[in-house]
Amino acid sequence: MKVLTSEQIRAADQYTIKHEPISSLDLMERASEKFVLKFMQINRENRPVRIFCGVGNNGGDGLAIGRLLKDKGWDVYLYIVGNTRKGSEDFKANLERSGLYAVLNKEIDLPKINDSDIVIDGLFGSGLSRPLDGFYREVVEFLNGHQCTKVSIDIASGLYANQAMPGDAVAFKPDFTLSFQVPKLAFFLPDCHPYVGEWCLLDIGLNQSFIQKQESNIFQSELKDISPLFPVREKFIHKNKAGRLMIAAGSKGKMGAAILCARAAFKSGVGLVNICSPKCGVDILQVTIPEAMVVDGKGANEIHSFPKTEDTILIGPGLGTKPKTIDAFEKLLKTTDKPMVIDADGLNILSKKKSLLKLVPKESILTPHPGEFKRLVGEWKNDFDRLYKLQNFCVKHEFNVVLKGAYSAVCNSTGDVHFNPTGNSGLATAGSGDVLAGIIGALLSQSLKPFDALRLGVYLHGAAGDEAGRSLESPWIQASDIVNFLPKGISSLLNRAI
Ligand SMILES: NC(=O)C1=CN([C@@H]2O[C@H](COP(=O)(O)OP(=O)(O)OC[C@H]3O[C@@H](n4cnc5c(N)ncnc54)[C@H](O)[C@@H]3O)[C@@H](O)[C@H]2O)[C@@H](O)CC1
Ligand SMILES: Nc1ncnc2c1ncn2[C@@H]1O[C@H](COP(=O)(O)OP(=O)(O)O)[C@@H](O)[C@H]1O
Ligand SMILES: [K+]
């Protein structure tokens, strides 16, 4: 699904109005009906609803939503901030259809709000053109000071859809954002989360072919695009043809990384795994993961030498960054031009010795968390800047990179970013990244294109985490649980896709 800018969304509104055709007032009514349906699913109990409306179309939505909720028996209070005479056409039309409302001009006008009330924010939507100031800012600060349930229409007032808020700016802090038609970039970025809350999209019937034609290199991954990427296993396949992976991982005290990685790879369809290990890890690996073969990495406590191999290479988990390991990594890079998976200490080595970056095969997959990414590219000003840095890094080096976290950003070598929707905060646990690397390595070894292996792997890792969370009925997950729930994650994706 494409992520569009505010300007593109406005153009989609206009195109739909002209070509459906539908009057803009009727489109507002449709949007408001969709909002009310979802609102009543989230809030089943009838409580006082206080709707704060600006005088643009977001405020128009607020008024229409108020009327519709009143019709359904809700106790609705409407407040307007701004000059109603200067309101948009559709705002004015809805004002005429509204019953009682109060216009707020100054602090003393602000109503008493109880914790059991629900506040709906319809001050500004995608039309925000400057940071909130004056009385708008006061109103938003006042509302943010209350503990009641808060819901934004389309996007929180004061939050920009596709650019950073200035440092001292203020925006509404909703528990939920019920947004129209397409996701906004801000929804995927951690800095913006306090101004988004939980969010969902409401299909208001904007013209799909117009949306498809919009240029955007930002997407949200969807199951319908992901599930066809699963590799098909032929009847007469042999393990050597089902994907051979060499995992170069582990050092003294960190052999668990190699184990988790290999276990995840086996559950992700790999045919055969060689683990290159320091001497201290050989017995551990042979006992804990009998399916894998172990290759001597020469060093006692860390790897000093990697074998020359035709296998797909996954390097980094628990590897350490000792000078001899760095030298061995450099030698390995000089022997291959096949895309590989580089994770954890593999990335830290690249950060320590940036000259190695140009030896990394084109189209390789890098899997940094934000700390590792910062070591690779330096500081960023804000999350929007971080995204541009991700795109530039991928294009410059022709890499595929996942920047991990909630809504992991998966970027290909031409700078397209796909935000991943699966997963939960239980995945923020030691070893979770090792599991992800193993999944991606296994998929790459099965001849998927690197970017496909990456986005399928990230989606699947999140889906397994979601299955684990649901089945264990716990918000906390152990990395081994992610591995154990991979088969369930896989079948859920395949079954839901049918
Ligand atoms: N027919 C349509 O175009 C539809 C629009 N919809 C709603 O319309 C919203 C967008 O409406 P608008 O384009 O009217 O914009 P807004 O309602 O977001 O803003 C209204 C006006 O406020 C002014 N403004 C912006 N920032 C300000 C600030 N910081 N302080 C004071 N004034 C400021 C601008 O002049 C802007 O045009 C969407 O978010 C959505 O809620 C929906 O009803 C769906 C259909
Ligand atoms: N809050 C979160 N919500 C969803 N997924 C998360 C969250 N935090 C972390 N993850 C996922 O968990 C994994 C953690 O990887 P990483 O930080 O490398 O862990 P480790 O180094 O301990 O193995 C990544 O796939 C990341 O996307
Ligand atoms: K709003």
Convex hull (Cα only) mean projected area of the range 301-365, reported in nm² to one decimal: 3.9 nm²
Carbon/sulfur fraction of accessible area - the range 224-497, other protein chains in place, 1.4 Å, %: 53 percent
For the range 6-216, fraction of C-alpha pairs farther apart than 32 Å, in %: 10 percent
Euclidean distance between Cα centres, the range 367-392 to the range 260-310, Å: 31 Å
Helix 432-445 vs. the chain, principal-axis angle (Cα, 0 to 90°, nearest 10): 70 degrees
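How high is the FRET efficiency from Leu359 to Lys241, r the C-beta distance, R0 25 Å, rounded to 0.05? All intermediate terms of the calculation are to be shown ahead of the outcome.
Details: r = 29 Å, r/R0 = 1.15.
Efficiency at R0 = 25 Å is approximately 0.30.
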Principal semi-axes in Å for the range 224-497 [√(5λ), Cα gyration tensor, largest first]: 25, 23, 18
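Counting helices only, and only those DSSP H runs with n ≥ 4, report the 222 nm mean residue ellipticity of the chain as the sum of -39,500 (n - 2.57) divided by its residues, in deg cm²/dmol to the nearest 500. Present the calculation step by step, with values, prior to reporting the outcome.
Values: 17 runs with 201 residues, N = 498.
Result for the chain: -12500 deg cm²/dmol, rounded to the nearest 500.
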On Cα atoms only, tilt of 24-42 relative to the major axis of the chain in degrees: 60 degrees
Highest average packing first - 441-449, 208-216, Cβ atoms within 10 Å: 441-449, 208-216
On Cα atoms only, tilt of 255-267 relative to the major axis of the chain in degrees: 80 degrees
Largest to smallest accessible area among Tyr388, Tyr15 [probe 1.4 Å]: Tyr388, Tyr15
Carbon + sulfur, % of accessible area of the range 6-216 - ligands and nucleic acids excluded, 1.4 Å: 48 percent
Accessible solvent surface per residue of the range 6-216, calculated while the other protein chains remain in place, 1.4 angstrom probe, Å²: 45 Å²
Pairs of alpha carbons in the range 140-224 whose separation is greater than 19 Å (percent): 42 percent
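Compute the length gained on full extension between Trp476 and Ala169: take 0.36 nm times their separation in residues and subtract their Cα-Cα distance, giving the result in nm to one decimal. Intermediate values should be presented prior to the final figure.
Values: separation 307, 0.36 × 307 = 110.52 nm, distance 3.45 nm.
So the chain would gain 107.1 nm between Trp476 and Ala169.
Determine the per residue accessible area of the range 224-497 with all protein chains present and a 1.4 angstrom probe, expressed in square angstrom.
Values: 11480 Å² over 274 residues.
Heavy-atom SASA per residue in the range 224-497 reads 42 Å².
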P(r) histogram, all alpha-carbon pairs of the range 293-403 included - 10 Å bins from 0, percent: 14, 48, 29, 8, 1
Dipole in debye (nearest 20) - the range 6-216, about Cα centre, beta carbon charges: Lys, Arg +1; Asp, Glu -1: 280 debye
Point-charge dipole on Cβ atoms (K/R +1, D/E -1) for the range 224-497, about Cα centre, debye to 20: 500 debye
Student exercise, the chain dipole from Lys, Arg, Asp, Glu Cβ charges, in Debye to nearest 20: 1420 debye
Per residue convex hull volume, Cα atoms of the range 35-75, in Å³: 61 Å³
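Under the √(5λ) rule applied to the eigenvalues of the Cα gyration tensor, what semi-axes describe the equivalent ellipsoid of the chain? Give them in Å, descending. The partial results should precede the final answer.
Numbers: eigenvalues 501, 93, 85 Å².
They are 50, 22, 21 Å, listed largest first.
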Contour minus Cα-Cα distance for Asn301 and Glu330 (0.36 nm per residue): 8.6 nm
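In this model, which of Lys298/Lys324; Lys279/Lys338; Lys308/Lys331 are farther than 20 Å apart at the alpha-carbon?
Numbers: Lys298/Lys324 10 Å; Lys279/Lys338 27 Å; Lys308/Lys331 10 Å.
In this structure, Lys279/Lys338 exceed 20 Å between Cα atoms.
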Residue (of Ser413, Pro475, Pro317) at the positive-pole extreme of the chain, dipole from beta-carbon charges: Pro317
For the range 376-450, alpha-carbon Rg relative to the globular expectation (2.2 N^0.38 Å, N residues): 1.16
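The values are calculated or read from the model by the stated rules, or taken from the named source; none is laboratory data. Fair warning: this is a prediction, and the values are worked out from it, not measured in the lab. Reconstructed Cβ throughout: ideal geometry from the backbone, glycine too, with neighbour counts over all protein chains shown. Ligands, DNA and RNA are stripped out before the accessible areas are found, and what is left, the full protein with its side chains, is counted by its heavy atoms. Shrake-Rupley method; radii C 1.70, N 1.55, O 1.52, S 1.80 Å.
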